[in-house]
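Colleague: Structure provided below as structure tokens; questions to follow.
Each value in this text was obtained by applying a stated rule to the coordinates, not by laboratory testing. The model shown is predicted, which means the values in this text are computed figures rather than measured ones. As a convention, Cβ positions derive from the backbone with ideal geometry for all residues, glycine included, and neighbour counts pool all protein chains shown.
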Amino acid sequence: MTTALCPGSFDPPTNGHVDVLRRSLDLFDRLIIGVVVNPSKQPFFSLEERKALFEGIFGVGTVEVIGFDGLLVDVAKEVGADVLVKGLREGADFEYEMAMAHMNRHLTGIETVLLPTSAEHRFISSSLVREVWRLGGDVAGLVPSVVLDALEAKR
């Protein structure tokens, strides 16, 4: 059984994230979504809110959602992950993720699968969604409906 860990801040989860995660479910036996807690950033959605959003998107029991801070490779060992999955949008993502993949393999030997998002989602980022939403723009079609509802509840 192959366990994949897909880390990210997911603040908020977008349709691009969901695309990569759903396709990962087809590739691996077990998928763990690792929501990063970054103490240097002030998240829009709390860790618990982001975890609940994924439960609303995928349903309880389909995926495991955990929160973490610290080194990704340490978390991967703790949860028994065989592989890391990272989504790619554009070339800048590739450069950054390649360096991280090499470092993670250097530290622990764990491999990283770089999975490009589908073309229709490649322009979507959490930060762009938050900016458009804060300025009153329509983000329907960029995020799952459960995320759109959560955004509107914060308005």
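Colleague: Among residues belonging to region 8-50 that are of a type in the set (D, E, K, R) and out of contact with any Phe, Trp or Tyr (no Cβ under 9 Å at 6 or more places or on another chain), point out the one that is surrounded by the fewest Cβ atoms within 10 Å (Cβ to Cβ). Talk me through it step by step, then tell me what you get.
Modeller: Step one: filter region 8-50 for residues of a type in the set (D, E, K, R), giving 11, 19, 22-23, 26, 29-30, 41, 48-50.
Next, only the ones that are out of contact with any Phe, Trp or Tyr (no Cβ under 9 Å at 6 or more places or on another chain) stay: 19, 23, 26, 29-30, 41, 48-49.
Details: Asp19: 19, Arg23: 16, Asp26: 7, Asp29: 10, Arg30: 16, Lys41: 10, Glu48: 10, Glu49: 15.
Here the answer is Asp26.
Colleague: Read through the list (1) within 9 Å of the chain's Cα centre (by Cα); (2) in contact (Cβ under 8 Å) with a residue 60 or more places away in the chain; (3) crowded, with 23+ Cβ neighbours inside 10 Å, then give the number of the only condition that Leu5 fails.
Modeller: The failed condition is (1).
Colleague: Out of all the residues in region 78-113, which are touching a residue at least 60 places away in the same chain (Cβ under 8 Å) and on the phi > 0 side of the Ramachandran plot? Don't jump to the end; show me each part of the working.
Modeller: We begin by selecting, within region 78-113, every residue touching a residue at least 60 places away in the same chain (Cβ under 8 Å); these are 79-87, 89, 113.
Result: Gly80, single match.
Colleague: Continuing with the same structure: Determine the pairs where a residue that is closer than 13 Å to Val37 by Cβ, located within region 49-77, has a partner that is crowded, with 20+ Cβ neighbours inside 10 Å and among the acidic types (Asp, Glu) with Cβ atoms under 7 Å apart, the partner being 6 or more residues away or on another chain.
Modeller: Pairs found: Arg50/Asp11.
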